[in-house]
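What follows draws every value from the coordinates through simple rules; no lab data is involved. Bear in mind the structure is a predicted one, so any value in this text is a computation, not a measurement. Cβ: placed from backbone, ideal geometry, glycine included. Neighbour counts: every protein chain shown.
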Amino acid sequence: MTDSPNPASSSAISVENVTKKFRVYHERNQTLKSAVMRRRRSVHEDFLALDDVSIEIPEGSTFALVGDNGSGKSTLLKCLAKILYPTSGTITTRGRMAALLEVGSGFHPELSGRDNIYLNGSILGMTRPEIDAKLDDIIGFSGVEQFIDQPVKNYSSGMYVRLGFSVAIHVDPEILLVDEVLAVGDAAFQEKCAAKFAQFRREGRTVVVVSHSLPTLRSMADHAAWINKGVLQVAGPAAQVLERYGDSTHASVRIDDSGRTHSGSGELVIEEVEVFGAGGPGSQVRQGGEMTVRVHYDALEEVTDPVMGIGIEHTDGTYLWASNTVDHGPRLGTIKGRGVIDCHATSVPFAPGGYVVITSLTDTTTQHTYDQVRDSARFTVDNGAERWWGGYIQSASGWSVPDGAPEPLGDRVTE
Ligand SMILES: Nc1ncnc2c1ncn2[C@@H]1O[C@H](COP(=O)(O)OP(=O)(O)OP(=O)(O)O)[C@@H](O)[C@H]1O
Ligand SMILES: [Mg+2]
């Protein structure tokens, strides 16, 4: 981030009052005769895919765009990539941009993978010598070397995306736009992409990503916007925006007296969640020590075999740990009225820092949510006097020189 020229104060992309209308034609008669005979009078209506959308995408941010199917996310990305033009409003972008939109876009099916790298690379603004110089890296990252001289029409969608993503990142973009497509890659490739996004972020580049996977977005995005039916609902820090979008997909949302947001059907509710260490309620959670998460619930109606789950996130939104009564606990049987259940953890691995507990109560199938509170409790972990070298997890570690290996030079250079 340090080499990003002006991180907080400038936007990589400004979207101002952007509206995109599509003209939708209603073809009542599909016969050739009627098509030929029809006068030049077609029935159409305007469809508003984006309605007066304004968003600032900060430079160096990893920006998530979320919304239900058909809400206008891809349309907005295409406008950012200048594949579509807004009907009204303006979009200002600062920096070299590369986009990975639909599977196969920018590829010619009859050409080989290698030729398509040149085609796609030049569409994205690379010169031929630039592509020559990066060709081996592009092929290497894509992992499709074996097929690189075959026409891409024989590629699977995963192979298309690997090659497309590899070209896009090698354009050395300051802004990278990615629409969903990465989901078709296998787990290993998705991990490789996640690492690439993290690197881009460290380098102060801007990534705009559309995805339906909220867990993925929670771990990678720092800013987000939620669009619904072409209308911007909210934009801002990713954790809040994604929570609001996530909540909107639940049946009902309620805010309790302490300001916590509950979502779910409400027969069984989470009243309070406490987190404490080995010393009992109120005690500090120590790294390497014991931890108890105590959930106070109230079953307003009789409920049979509910499943309680807790998840732990770092305060930066990274999802770290989970436990539930199906995998790790007893069946709760039939419950009615108030009660308490504890989740115990031994040798807490979390590094010193602040953590958030997500608590959920579902039915046996886990498909029906009685209640879920995303920010149900917060706690901090400390490790006494020990030093901490970073990361989310801390566990015992040691160093040694294996037998027969050359001695480190350390001792000999001391004066
Ligand atoms: N070229 C087009 N002509 C007419 N309507 C279009 C066109 N492109 C998109 N639309 C319509 O605009 C709306 C928004 O589409 P868009 O593809 O942007 O949604 P999305 O948020 O990307 O959805 P998904 O999550 O399914 O990918 C949809 O109703 C779609 O049918
Ligand atoms: Mg889309």
Worksheet entry | Antiparallel bridges, percent of DSSP beta bridges restricted to region 163-234 (to nearest 5) | 40
Item to complete: Starting from the Cα of LYS21, move 7 Å in the Cα-to-Cβ direction to define the label point; list residues of region 204-229 whose amide nitrogen is under 18 Å from there.
Response: none
Worksheet item: What list of ³J(HN,Hα) values in whole Hz, one per residue of region 223-234 in order, does the Karplus curve 6.51 cos²θ - 1.76 cosθ + 1.60 (θ = phi - 60°) give from phi, with Gly and Pro shown as x?
Response: 10, 7, 9, 10, 10, 10, 6, x, 10, 5, 8, 7
Practice prompt. Just check region 2-247 against the gyration tensor rule for me: Cα atoms, a ≥ b ≥ c as the square roots of the eigenvalues, rounded for a/c under 1.5, and otherwise prolate or oblate depending on whether a/b exceeds b/c.
Written response: oblate
Worksheet item: Which order do peptides 163-174, 316-327, 105-116 fall in by mean Cβ count within 10 Å, highest first?
Response: 163-174, 105-116, 316-327
Fill in: Efficiency of FRET from Cβ geometry, ALA188 and VAL234, R₀ 41 Å, rounded to 0.05
0.75
Practice prompt. With +1 on each Lys and Arg Cβ and -1 on each Asp and Glu Cβ, and nothing else charged, work out how big the dipole of region 253-382 is about its Cα centre, in Debye to the nearest 20.
Written response: 220
Item to complete: Which order do the peptides 14-24, 266-276, 330-340 take when ranked by the mean count of other beta-carbon atoms within 10 Å per residue, highest first?
Response: 266-276, 14-24, 330-340
Discussion item. 5 Å is the cut-off here: which amide hydrogens, built 1.01 Å from N in the peptide plane, fall below it relative to ARG96, excluding neighbours closer than 5 in sequence?
Written reply: GLU174, ILE175
Worksheet item: So between THR304 and PHE47, what do we pick up on full extension, going 0.36 nm a residue minus the alpha carbon distance?
Response: 87.8 nm
Response to the item:
In terms of the alpha carbon gyration tensor, root eigenvalues a ≥ b ≥ c, rounded if a/c is under 1.5 and otherwise prolate when a/b exceeds b/c or oblate, region 253-382 is prolate
Response to the item:
Placing each pseudo-label 7 Å from Cα in the direction of the beta carbon, ARG128 and SER258 end up separated by a distance in nanometres of 6.8
Worksheet, complete the sentence: Once normalised by the length of the chain, the mean sequence separation of its alpha carbon contacts under 8 Å that are 6 or more apart gives a contact order in percent of 14
Worksheet item: From a point 7 Å beyond the Cα of ARG331 in the direction of its Cβ, which residues of region 365-381 have a backbone N at a distance under 14 Å?
Response: 365
Fill in: Theoretical FRET efficiency, 1/(1+(r/R0)^6), r = Cβ-Cβ of SER397 and SER10, R0 41 Å, to 0.05
0.50
Discussion item. Can you compute the helix-only [θ] at 222 nm over the chain? Use -39500 (n - 2.57) per DSSP H run of at least 4 residues, normalise by all residues, nearest 500 deg cm²/dmol.
Written reply: -6500 deg cm²/dmol
Worksheet, complete the sentence: Non-local residues with an amide H under 5 Å from the amide H of VAL326, with H modelled 1.01 Å from N and Pro and chain starts lacking one, are MET308
Worksheet item: In straight Cα distance, which lysines are under 17 Å from LYS134, not counting same-chain residues fewer than 8 positions off?
Response: LYS196
Discussion item. Please list, ordered by chain and number, the residues whose modelled amide H lies under 5 Å from the amide H of GLY60; skip anything fewer than 5 residues away on the same chain.
Written reply: THR206
Item to complete: Compute the length gained on full extension between ALA195 and ALA405: take 0.36 nm times their separation in residues and subtract their Cα-Cα distance, giving the result in nm to one decimal.
Response: 72.4 nm
Discussion item. Quick check on the chain: take the gyration tensor over C-alpha atoms, sort the square-rooted eigenvalues as a ≥ b ≥ c, and tell me if it's rounded (a/c under 1.5), prolate or oblate.
Written reply: oblate
Item to complete: Report the relative contact order of region 280-395, percent, no decimals, based on alpha-carbon pairs under 8 angstrom and at least 6 residues apart.
Response: 34
